[in-house]
Amino acid sequence: MKQLKEYTIQFVGLKIGRHQFEYHIKDEFFKHFDYEDFNTVDVKVEVELEKKTTLLELHFKIKGFVNVNCDLTNEPYDQKIANEFDLVVKFGDEYNDEEIDILVIPHGEYQINIQQYIYELIVLAVPNKLIHPGVKDGSLKSEILDKLEELSPKEEKENNEGDQTDPRWNTLKKLL
């Protein structure tokens, strides 16, 4: 996959200390990854890079919304998302990204591309089950919801005999 230039941070020219980077993620970002589960995307990403003498620490923070379809009604709605992630970048002999929050890059590297981390952070921030807020509070009117209500199993009406206890239980109560 081709790396997007705007998500590459050149850390060689940066002074030791904290540096802030901001990105605004839109639909085009996910088209690059061929990810089509979102209708629209509007997410703000803040990356704080702390450069130290032997390593880099990156703190990712995302906040925004993705427009998705409800799993029950297929109605589109805006799902708010927020997530944070810390990444430690160390220098070693060869590239290694086997650890979740530790990245090892070769000693000669002078830049790091963070597009994959941003992509994963946004996708993992979306809940597994997508339910329209109108379904939860009952304000959404939809043909699909009406059909689900119609086909749902009805509660059996209890007869008056169900309210009375069985006399056999009375003898067991005496044992207590």
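What follows draws every value from the coordinates through simple rules; no lab data is involved. Fair warning: this is a prediction, and the values are worked out from it, not measured in the lab. Methodologically, a virtual Cβ is constructed for each residue, glycine included, from the backbone with ideal geometry; neighbour enumeration extends over all protein chains shown.
A few comments on the model shown:
- Between LYS147, LYS63, LYS90, the Gaussian network model of the chain with springs among Cα atoms under 10 angstrom shows the greatest mean-square fluctuation at LYS147.
- Pairs exceeding a 22 Å alpha-carbon distance, out of LYS52/LYS90; LYS26/LYS136; LYS26/LYS51; LYS80/LYS136; LYS26/LYS80: LYS26/LYS136; LYS26/LYS51.
- Helix-only mean residue ellipticity at 222 nm for the chain, each DSSP H run of n ≥ 4 adding -39500 (n - 2.57), per residue, nearest 500: -6500 deg cm²/dmol
- Positive-end residue, the chain charge dipole about Cα centroid, Cβ charges, pick of THR53, LEU172, GLN111: THR53
- DSSP bridge pairs, the chain: antiparallel proportion in percent, nearest 5: 90 percent
- Reported label for calculated P(r) over Cα pairs in 5 Å bins from 0, in percent given (i) 1, 6, 13, 18, 20, 17, 12, 7, 3, 1, 1, 0, 0, 0; (ii) 1, 6, 13, 13, 12, 9, 8, 6, 5, 5, 4, 4, 4, 3, 3, 2, 1, 0; (iii) 1, 8, 16, 17, 16, 13, 11, 9, 7, 3, 0: (ii)
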